[in-house]
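Below are the structure tokens for one structure; questions will follow.
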Amino acid sequence: MNRDELVAAARDAANNAYSPYSSFRVGAVVVADDGRVYTGANIENAAYPSSNCGEATAIHTAVADGVRKIDTLAVACIDAQDVRGAYPCGRCRQIMAEFGVEEVIVAGAEGSEIREHTLDELLPHRFTFGAAAG
Ligand code: THU
């Protein structure tokens, strides 16, 4: 899948968001190292901290299916008109790091700018268990 196809899939996935508290819909798509593709959306909870981000849903769905290495993640916040309001939170960046995400594509609503980053740009000097600090 190319960049635009990934963003389209992430935007589609955002339609499945369960976000009655924020009304902010987030969809994500991940591509595993063997080419398998998984999607996810944010899932909120009346007890707010029990909520799950769209990126985490997609990554953990892949991992639960046996994936251990993810190459690319695309996230789309379809209620963000500006891409600057669509960037992954810190927890999701750390979850991406755990499963080796290298490329992160960020998009807002249809027609918004699409940006591409490396995870190194988004989460430099990250924690990795037992590794020497970089
Ligand atoms: N959210 C995500 O799904 N991903 C992020 O990286 C940041 C925020 C969700 C959580 C919550 O359901 C809503 O967006 C508003 O914070």
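The values are calculated or read from the model by the stated rules, or taken from the named source; none is laboratory data. Remember, predicted model here, so these are calculated numbers, not experimental data. Heads up, the Cβs are rebuilt from the backbone with ideal geometry, glycines too, and the neighbour counts pull from every protein chain shown.
Results for (1) in contact with an Asp or Glu (Cβ under 9 Å, 6 or more places away or on another chain); (2) more than 21 Å from A8 (Cβ to Cβ), shown as yes or no for each residue.
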site	(1), (2)
S50	yes, yes
T57	no, no
H60	no, yes
K69	yes, yes
D82	yes, no
T118	yes, yes
T128	yes, yes
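Further, regarding this structure: Of the residues that make up region 23-30, is at least one among the polar types (S, T, N, Q) and over 20 Å from D82 (Cβ atoms)?
no
Being part of a helix (DSSP H, G or I) and exposed (fewer than 12 other Cβ atoms within 10 Å of the Cβ) is the filter here, so list the residues in region 92-134 that pass it.
Within region 92-134, just E121 meets the criteria.
When the residues of region 27-62 are filtered to those that are more than 15 Å from the ligand (Cβ to nearest atom) and surrounded by fewer than 17 Cβ atoms within 10 Å (Cβ to Cβ), which remaining residue is farthest from I105 (Cα to Cα)?
By that ranking, first place goes to D34.
Still on this structure: When you scan region 1-11, do you find a residue that is in contact with a strand residue (DSSP E or B) (Cβ under 9 Å, 6 or more places away or on another chain) and modelled with pLDDT under 95, even just one?
Checking region 1-11: at least one residue is in contact with a strand residue (DSSP E or B) (Cβ under 9 Å, 6 or more places away or on another chain) and modelled with pLDDT under 95.
Any idea which residue in region 1-26 is farthest from the ligand (Cβ to nearest atom), counting only those that are surrounded by 14 or more Cβ atoms within 10 Å (Cβ to Cβ) and assigned to a loop (DSSP other than H, G, I, E, B)?
Step by step, filter region 1-26, then rank; the result is M1.
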